[in-house]
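Bear in mind these aren't lab numbers, they're just calculated from the coordinates by the rules spelled out. Owing to the predicted nature of the structure, the values given are computational and were not obtained by experimental measurement. Using ideal geometry, Cβ is built from the backbone for each residue, glycine included, and neighbour counts are taken over all protein chains shown.
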Amino acid sequence: MKNELDIHLCLRAFEKIRQLGAKREGAMMDVYDYQGLSASSGYDGYDITVSNRDVSATIHFHNSYDLDYHGQDKLDTFISQLNRLDRIDVSDSASRV
């Protein structure tokens, strides 16, 4: 099951969510939301998390990761969201929130 997630896709999504998303008010750590996805990082920056309502993907130092989800359909939807986000050109100001 460890090969279910493209880590590089997740890292690109994390950066785009931070660039295009809105910072969540009142959160203890920096959390950004964009198109149903959220991105946050640990206090030291070694761990990042990209999530939606049903799936949480945490990327650790050295590119290991943990996935938390219930049902393959939920994971498939999450990966589809990441792929859709990956196709957005961040230089296009029209895609900004």
Kindly indicate the residue of region 50-66 that is out of contact with any helix residue (DSSP H, G or I) (no Cβ under 7 Å at 6 or more places or on another chain) and surrounded by 14 or more Cβ atoms within 10 Å (Cβ to Cβ) and also nearest to Leu37 (Cα to Cα) among those meeting that condition. Ser51
Against the condition surrounded by 12 or more Cβ atoms within 10 Å (Cβ to Cβ), in contact with a Gly (Cβ under 6 Å, 6 or more places away or on another chain) and not polar (S, T, N, Q), how does Asp33 come out, does it pass? yes
Filtered residue count, region 68-80, keeping only those that are in a helix (DSSP H, G or I) and without any contact (Cβ under 8 Å) to a residue 60 or more places away in the chain: 7
Within region 15-62, which residues are in contact (Cβ under 8 Å) with a residue 40 or more places away in the chain and either assigned to a loop (DSSP other than H, G, I, E, B) or of a type in the set (Asp, Glu) (or both)? Gly21, Gln35, Gly36
Which members of region 40-52 meet the condition of being closer than 18 Å to Asp76 by Cα and in contact with a Lys or Arg (Cβ under 9 Å, 6 or more places away or on another chain)? Asn52
